[in-house]
Amino acid sequence: MNDQVLLDVESLVVGYGKTEILHGVSLRIAPQELVAVVGPNGAGKSTLAKAVVGLLRPWSGSVRFRGRSIGGIAPEELVRMGIAYLPQLDNVFQTMSVRENLELAGHLQRDRRDGRIKEMYELFPDLERFARAQAQDLSGGQRQMLALARAVMLEPELLLLDEPSAGLSPALADDLFEKVQKLKELGVALLVVEQNVDRVLEIADHAYVLAAGENRFEGSGAGLLADEEIGRLYLGG
Ligand SMILES: Nc1ncnc2c1ncn2[C@@H]1O[C@H](COP(=O)(O)OP(=O)(O)O)[C@@H](O)[C@H]1O
Ligand SMILES: [Mg+2]
């Protein structure tokens, strides 16, 4: 594993209103690494992702990208720095076409943008077939591929995915994880929050278990997958 650190979250405390949700969470991602964050519902996984991408300002602790503090930074600035985010919900424009969704994904110059859309069509062939269809008329799996393609359009160095396989059948989830793995092969570092624990741990280099807003365990994806006690305690296994 590359011991360089791309994303460094250190003792992060954050919440909503006056309610503290994360009580000092730490996590690291090296370039080109696939890191999974798993744990029970309500553990604070989405909150962690939101704090990394500037949607929540840390109360204390730090979020650093390539050594630079990014806690609470504007989302457009993060995109420029190379960080893209696929939110858990509302991640496509339902009444726009597939092509328009891709066009609106970034602030790329037209030539660059059109070239990038071609690359997305190669990576996600279904999207080319349905380029003129409205996002709301796609199947759940296709819509989630579109959401993923929108994030990848931005040429991220680090991509955060919040429950990308939510609501997908096992076969469609497999397709999606195949794309996620492909992105890793293309050199993108990924932080993947998932309920689909077994599937994400199979492809994760490293994984963190969060529970009740705290780090409970970390290790290799394979190690966690094999750990029956962790599975029983935190992952419903
Ligand atoms: N916008 C919000 N306002 C207030 N509380 C929230 C909000 N979003 C999430 N929470 C609370 O924060 C806790 C962690 O939620 P979340 O980060 O979504 O967990 P997970 O993604 O692990 O299921 C939960 O108790 C949830 O109710
Ligand atoms: Mg969540």
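The values are calculated or read from the model by the stated rules, or taken from the named source; none is laboratory data. Fair warning: this is a prediction, and the values are worked out from it, not measured in the lab. Neighbour counts run over all protein chains shown; Cβ positions are idealised from the backbone, glycine included.
Confirm whether Ser60 is polar (S, T, N, Q) and in the same structural domain as Val192 (by TED's automatic domain parsing). In short, yes.
Evaluation of Tyr121 against the conditions (1) part of a helix (DSSP H, G or I); (2) surrounded by fewer than 16 Cβ atoms within 10 Å (Cβ to Cβ); (3) modelled with pLDDT of 95 or more; (4) not charged (D, E, K, R) shows that the sole unmet condition is (2). If you go through region 155-196 and pick out every residue that is buried (at least 20 other Cβ atoms within 10 Å of the Cβ), part of a helix (DSSP H, G or I) and out of contact with any helix residue (DSSP H, G or I) (no Cβ under 8 Å at 6 or more places or on another chain), you end up with 0.
For region 197-237, a residue qualifies if it is touching a residue at least 24 places away in the same chain (Cβ under 8 Å), part of a strand (DSSP E or B) and among the hydrophobic types (A, V, I, L, M, F, W, C), and the qualifying residues are Ala207, Val209, Leu210, Ala211.
Cβ-Cβ distances below 7 Å connect the following pairs, each with a first residue in region 137-164 that is closer than 13 Å to Lys184 by Cα, a second residue that is surrounded by fewer than 24 Cβ atoms within 10 Å (Cβ to Cβ) and of a type in the set (Ser, Thr, Tyr), and a separation of six or more residues or different chains: Leu160/Tyr85. Being within 22 Å of the chain's Cα centre (by Cα), more than 26 Å from Ala30 (Cβ to Cβ) and either not polar (S, T, N, Q) or not assigned by TED's automatic domain parsing to the domain that holds Val188 (or both) is a description that applies to Phe93. A single member of Glu20, Glu77, Glu33 is in the same structural domain as Gly219 (by TED's automatic domain parsing) and either in contact with a Phe, Trp or Tyr (Cβ under 6 Å, 6 or more places away or on another chain) or crowded, with 20+ Cβ neighbours inside 10 Å (or both), and it is Glu33. Could we say that Arg64 is touching a Leu at 6+ places or on another chain (Cβ under 9 Å) and either at positive phi or assigned to a strand (DSSP E or B) (or both) here? So Arg64 passes the test. Number of residues in region 9-45 that are over 26 Å from Asn196 (Cβ atoms) and free of Cβ contacts under 8 Å to residues at least 60 places away in the same chain: the value is 7.
Quick grid of which residues meet (1) within 16 Å of ligand 1 (Cβ to nearest atom); (2) touching a strand residue (DSSP E or B) at 6+ places or on another chain (Cβ under 7 Å):
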| position | (1), (2) |
| --- | --- |
| Lys45 | yes, yes |
| Arg57 | yes, no |
| Arg66 | no, no |
| Gln88 | yes, yes |
| Val98 | no, no |
| Arg116 | no, no |
| Glu122 | no, no |
| Glu128 | no, no |
| Asp137 | no, no |
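Could you look through region 8-49, keep only residues that are within 14 Å of Tyr208 (Cα to Cα) and of a type in the set (Lys, Arg), and pick out the one that is farthest from ligand 2 (Cβ to nearest atom)? In this case the residue turns out to be Arg28.
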